[in-house]
Amino acid sequence: AQSVTQPDIHITVSEGASLELRCNYSYGATPYLFWYVQSPGQGLQLLLKYFSGDTLVQGIKGFEAEFKRSQSSFNLRKPSVHWSDAAEYFCAVGEGTGGFKTIFGAGTRLFVKA
Amino acid sequence: DTGVSQDPRHKITKRGQNVTFRCDPISEHNRLYWYRQTLGQGPEFLTYFQNEAQLEKSRLLSDRFSAERPKGSFSTLEIQRTEQGDSAMYLCASSPGTGGSNEQFFGPGTRLTVL
């Protein structure tokens, strides 16, 4: 069965520091991969997605992610974190035609310290 | 606002009661999804509609749960004989359903508390 693992339950970074959130997936074919962000009291918002092509994808709010098939990973990065980035981040894999059924990881909560 | 809307935003009920939630997707989206999210976890897929057809249901969706999308627009999720374990955030999402992608747009969720 498809699965998504986010090894870090929470991460704390200083404002202005770089960020990398880890994600590993288990999927037999080429996956549809997503990163979502959920702020307190807010709905899930898509940061970026990968379906094919360039393995480095750019998203909103200055985020990027790199698909590494050999490592079954899709890590999220940001060069300089802002206090407003504090939120819960979910990696997800889509299965089925067009990736309609989305399997989410347990999430990583990001804390940003001044 | 043309995003996904859900109603109600919060529901408190007593064990054994029935509850119904509504989701209004983005108007041109023909795919609609329901997820359940418990504290500290990511959303768990419950079911999925392509227009009015319910194409897949998770094993998580017991017989007490039923979802409908009668006209291919809004959807309802009903939970019968609620149990305390049903307490969770119920999320609805929609997507265009065309092309090779499946970017899902999520609503704010309905938080259910079963006493």
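Readers should treat all values here as calculations from the given coordinates under stated rules, not as data from a laboratory. The structure presented is a predicted model; accordingly, all values stated were derived computationally and were not measured. As a convention, Cβ positions derive from the backbone with ideal geometry for all residues, glycine included, and neighbour counts pool all protein chains shown.
Applying 1/(1 + (r/R0)^6) with r as the Cβ-Cβ distance of residue B:113 and residue A:55 and R0 = 41 angstrom yields a FRET efficiency of 0.45. How big is the antiparallel share of DSSP beta bridges in chain A, given as a percent to the nearest 5? Among the beta bridges of chain A, antiparallel pairing accounts for roughly 90 percent. How many angstrom lie between the C-alpha centres of the stretch A:75-95 and the stretch B:19-55? So the two Cα centres are separated by 23 Å. Using only side-chain charges placed at the Cβ, +1 for Lys and Arg and -1 for Asp and Glu, the dipole size of the stretch B:1-77 relative to its Cα centre rounds to 420 debye. Only aspartates and glutamates eight or more places from residue A:68 in sequence, or on another chain, were considered; those with a Cα closer than 13 Å are A:54.
The aspartates and glutamates within cross-link reach of residue A:61, meaning a Cα-to-Cα straight distance under 20 Å and a gap of 8 or more places when in the same chain, are A:15, A:20, A:85, A:88, B:103. Per-residue mean of foreign Cβ neighbours for A:35-44 is 4 (Cβ atoms of other chains, 10 Å radius).
Computed extension length for residue A:45-residue A:10: 10.7 nm, one decimal, from 0.36 nm per residue of separation with the Cα-Cα distance subtracted.
Rounded to whole numbers, the Karplus 3J(HN,Hα) couplings from phi for the stretch A:7-19 are x, 9, 5, 8, 9, 10, 10, 7, 4, x, 7, 7, 9 Hz, using 6.51 cos²θ - 1.76 cosθ + 1.60 with θ = phi - 60°, and x at Gly and Pro. Charged side chains reduced to their Cβ positions (Lys and Arg at +1, Asp and Glu at -1) give chain A a dipole of some 80 debye around its Cα centre.
Structure note, pairs A:78/A:101; B:14/B:71; B:14/B:57; B:11/B:57; B:11/B:71; A:113/B:11: Cα-Cα distances above 29 angstrom occur for B:14/B:71; A:113/B:11. Available extension along the chain between residue B:22 and residue B:10 is 3.1 nm, counting 0.36 nm per residue and deducting the alpha carbon span. Quarter the surface of the alpha carbon convex hull of chain B and you get the mean projected area, 7.0 square nanometres. Using the alpha-carbon centroid of each, what span in Å lies between the stretch B:60-115 and the stretch A:16-38? Rounded to whole Å, the Cα centres lie 24 Å apart.
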